[in-house]
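The values are calculated or read from the model by the stated rules, or taken from the named source; none is laboratory data. A quick note: this is a predicted structure, and the numbers were derived from the prediction, not measured. Counting neighbours? That spans all protein chains shown, and the Cβs are built from the backbone with ideal geometry, glycine included. Accessible surface is based on the protein model in full, side chains and every heavy atom, while ligands, DNA and RNA are left aside. Shrake-Rupley method; radii C 1.70, N 1.55, O 1.52, S 1.80 Å.
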Protein chains: 2
Amino acid sequence: INPVFNPKGNDDTGNRLIWFGETTNLMQLNDVRYSWAVSLYRQMRENFWIPEKIDITQDIVDYVNLTPEERRAFDGILSYLTFLDSVQTCNVPHLKNSVTAPEIALCMAEQISQEAMHNQSYQYVIETVIPNDRRTQLYEFWRSDIILKERCEFIAGLYQKYVDNPTPENYFVSLLADYLLESIYFYNGFIFFYNLSSRMLMSGIADVFKMINRDELSHVRLYQKLIPEAMKIFPHSREQIYEMFALAVQYECKWTSHIVGDNILGITTKSTEQYTKYLANIRLQAIGLEPLFTESVYKKSPYVHLERLSDTKKEAHTKANFFEASVTSYVMSSSIEGWDDF
Amino acid sequence: INPVFNPKGNDDTGNRLIWFGETTNLMQLNDVRYSWAVSLYRQMRENFWIPEKIDITQDIVDYVNLTPEERRAFDGILSYLTFLDSVQTCNVPHLKNSVTAPEIALCMAEQISQEAMHNQSYQYVIETVIPNDRRTQLYEFWRSDIILKERCEFIAGLYQKYVDNPTPENYFVSLLADYLLESIYFYNGFIFFYNLSSRMLMSGIADVFKMINRDELSHVRLYQKLIPEAMKIFPHSREQIYEMFALAVQYECKWTSHIVGDNILGITTKSTEQYTKYLANIRLQAIGLEPLFTESVYKKSPYVHLERLSDTKKEAHTKANFFEASVTSYVMSSSIEGWDDF
Ligand SMILES: [Ca+2]
Ligand SMILES: [Ca+2]
């Protein structure tokens, strides 16, 4: 944990390491070492949106018309996503506390705000679509669903290890767990909503998820930059990384098969497995490692048609004039116009 | 420090204390106990702004036309403000780690993002107005200015105490130090810029500071709510609070007299003292305590004319035209509607 202020520190760019740099801990942003972080930060800020500006009134009717299996999946996935963004809101500050390059701290500070806001957006969705007497039950889906509960405990456990015992080894685990969460755990949930939207159901909520998805992709970019740097510094092994990825895939498939399974039109346990392993492969490649799942079926997404719908395929390359749109149309138009080039 | 996830926790509103609540640490935002926090959060989000959208090109010319004393004050104050928002970006996460009401965590998550962004806005001002070869020197004004250095070490020291030794006593000190910073330390700096602007100098930068000021006032509101709650729970004494206020005033007057003194038209060491003691009085009253400085001269601000200019006079009740002069629109219109009802 960095000192609040280290007057003996030196903020020269040569001294400005992401971790263990002997900087002052002041936000001197003139001479930055990691200029990609400043660009990413600007992007994150320009991605600003307010959930309540997205109209989801049609979704109230759609929800009633879902099949019981779709409604169960809807509830379970929202409970799970709330869990994910809750642990992020709590844990990113712990990761940030050891960062010694202010340009990286800048991105993480913005990330903390976005994780919190995503929870606010889930509340907006839940209070719009779910009757009051069932909301707490939805939030607490994990209490009665043993598979979700185990999953949540597993995910939180990796973070908790570092909080309880802040060693460099545990920091690396927490950072990698963060990357797995950001880059793999959200996506079968997003796919569920994009899939409903492709059938003209819950399209307002799909728009909310497009915005969240866009934010998440900026977080993925952040950790894709951080992990290779961390691999140069923190004790870890290649095997450990592959094991964590394999376990992440296993948990993600188990949960998605449990909550979505073969009961939702357009998704099967097989497509879930294919997509999750495909995702793991590209996330490994993005941090300079070989894919884990070498069969050719895991080289592409089974949901290309949905990714086209959601326009997240090109990941973090947002249009330059994204933010130019005005007020009321701002969020809405950006979720449509801006998304295309993303 | 809260666990990342506490499955044995209970999120009922009755259980939802700001500190030491046995909640799950999940962001269940449906049944909130502190509904003021949700309103404040919405307000903070709607205050969103991007520094680079404020035009400060005229200020480049103005800077050259400042007196040497004004330029020295300009540089010193920016260095000091960068320090303040830097320690906030670092320390608010430490305070947030112990908060057990998610609606409060939501506000603090947003605050972290705003503190970081304020640093980005200082960098924008500095890189626009100050030649490249003098920027590092400005950031490091505290290295050569012994009064600023001592001040910074004093402020950071109160925070560091809790980081090094996280006792309830030290938490209270850190929280109160945060309130002093948010509600007193920024304002003589703001006044300097509003004063220049009232003389038609550096008006673009004054607009930047109006935005920062508006954000800071939302933070003041947050801590004005938190401190009285903390006084019910954390060990502390009334004398200790008054001592911390007295010391805060003393440091603030010493620094401002040093960097602004009697050298800037419209500001004197006397008006600085009057304003700072006036501020301390109203900040004490806002947390339910008697004013510290009882002479009638400390019952009003010597800068009413500037406060009118900056439209911050009514503090949390920002006027409708607060900021219509500049910048894009979005936030602006909404912030105004929401604010009056706050
Ligand atoms: Ca995230
Ligand atoms: Ca602040």
Q: Only residues of region B:99-116 count here: report those whose backbone N is under 19 Å from the spot 7 Å along Cα→Cβ of A:ARG42, or say none.
A: B:116
(Q) Over region A:184-239, with the other protein chains present, what is the accessible area per residue in square angstrom, probe 1.4 angstrom? (A) 26
Q. In region B:42-76, what residues drop by 40 Å² or more in accessible surface going from the chain by itself to the full protein assembly, probe 1.4 Å?
A. B:ARG42, B:ARG45, B:PHE48, B:ILE50, B:LYS53
Q) What is the diffusion coefficient of chain B in µm²/s, taking the Kirkwood radius over Cα pairs and the Stokes-Einstein relation at 4 °C with a viscosity of 1.567 mPa s? A) 62
Q | A:ASP262/A:GLU153 FRET efficiency (R0 25 Å; Cβ-Cβ; nearest 0.05) | A | 0.40
(Q) Charges at C-beta only: +1 for Lys and Arg, -1 for Asp and Glu. How large is the resulting dipole of region B:9-92 about its Cα centre, in Debye rounded to 20? (A) 220
**Q.** Neighbourhood net charge (12 Å Cβ-Cβ; Lys/Arg +1, Asp/Glu -1) for A:ASN10
**A.** -2
Q.
Ordering A:TRP255, A:TRP36 by accessible area with a probe of 1.4 Å, largest first, what comes out?
A. A:TRP36, A:TRP255
Q) Helix-derived [θ] at 222 nm for the protein assembly as shown: sum -39500 (n - 2.57) over DSSP H runs of at least 4, divide by residue count, nearest 500? A) -21500 deg cm²/dmol
Q: List the residues of region B:1-33 that lose 40 Å² or more of accessible area once all protein chains are present, compared with their chain alone (1.4 Å probe, heavy atoms only, no ligands or nucleic acids).
A: B:VAL4, B:PHE5, B:PRO7, B:LEU26, B:MET27, B:GLN28, B:LEU29, B:ASN30
Q) Is region B:63-171 best put as rounded, prolate or oblate by its Cα gyration tensor, with a ≥ b ≥ c the root eigenvalues, rounded for a/c under 1.5, and otherwise prolate when a/b is larger than b/c, oblate when not? A) oblate
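Rolling a 1.4 angstrom probe over the protein heavy atoms, how many square angstrom per residue are accessible across region B:1-87? List each step's numbers first, then the result.
Values: 3140 Å² over 87 residues.
Solvent-accessible surface per residue comes out at 36 Å².
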Q. When the accessible area of chain B is computed with all protein chains present and a 1.4 Å probe, what percentage of it is carbon and sulfur?
A. 51
Q: Enumerate the whole-percent occupancy of each 20 Å bin, from 0 to the last occupied one, for all C-alpha pair distances of the protein assembly as shown.
A: 18, 53, 26, 3, 0
Q: Estimate for me the total accessible surface buried between chains A and B (protein heavy atoms, probe 1.4 Å, no ligands or nucleic acids), in Å² to the nearest 100.
A: 5700
(Q) How shielded is B:154-160 by partner chains, expressed as the average number of their Cβ atoms within 10 Å of its Cβ atoms? (A) 3
Q) Quick one: which bits of region B:130-152 get at least 40 Å² less accessible when the partner protein chains are in, versus the chain alone, with a 1.4 Å probe? A) B:THR136, B:TYR139, B:TRP142, B:ARG143
Q: Please report the relative contact order for region B:15-127, taking Cα pairs under 8 Å with a sequence separation of at least 6, and give it as a percent rounded to a whole number.
A: 47
Q. Does region A:1-72 come out rounded, prolate or oblate by the C-alpha gyration tensor, with a ≥ b ≥ c the root eigenvalues, rounded set by a/c under 1.5 and, if not, prolate when a/b is larger than b/c and oblate if not?
A. prolate
Q: Mind checking which of B:ILE241, B:VAL220, B:TYR194 is farthest towards the positive end of region B:176-251's charge dipole, using Cβ charges of +1 (Lys, Arg) and -1 (Asp, Glu) about the Cα centre?
A: B:TYR194
Q. Within straight cross-link reach of B:LYS8, meaning Cα distance under 25 Å, which lysines are found once same-chain residues fewer than 8 apart are removed?
A. A:LYS149, A:LYS161, A:LYS254, B:LYS96
Q: Would you mind calculating the relative contact order of chain B from Cα pairs under 8 angstrom and at least 6 residues apart, reporting the percent as a whole number?
A: 21
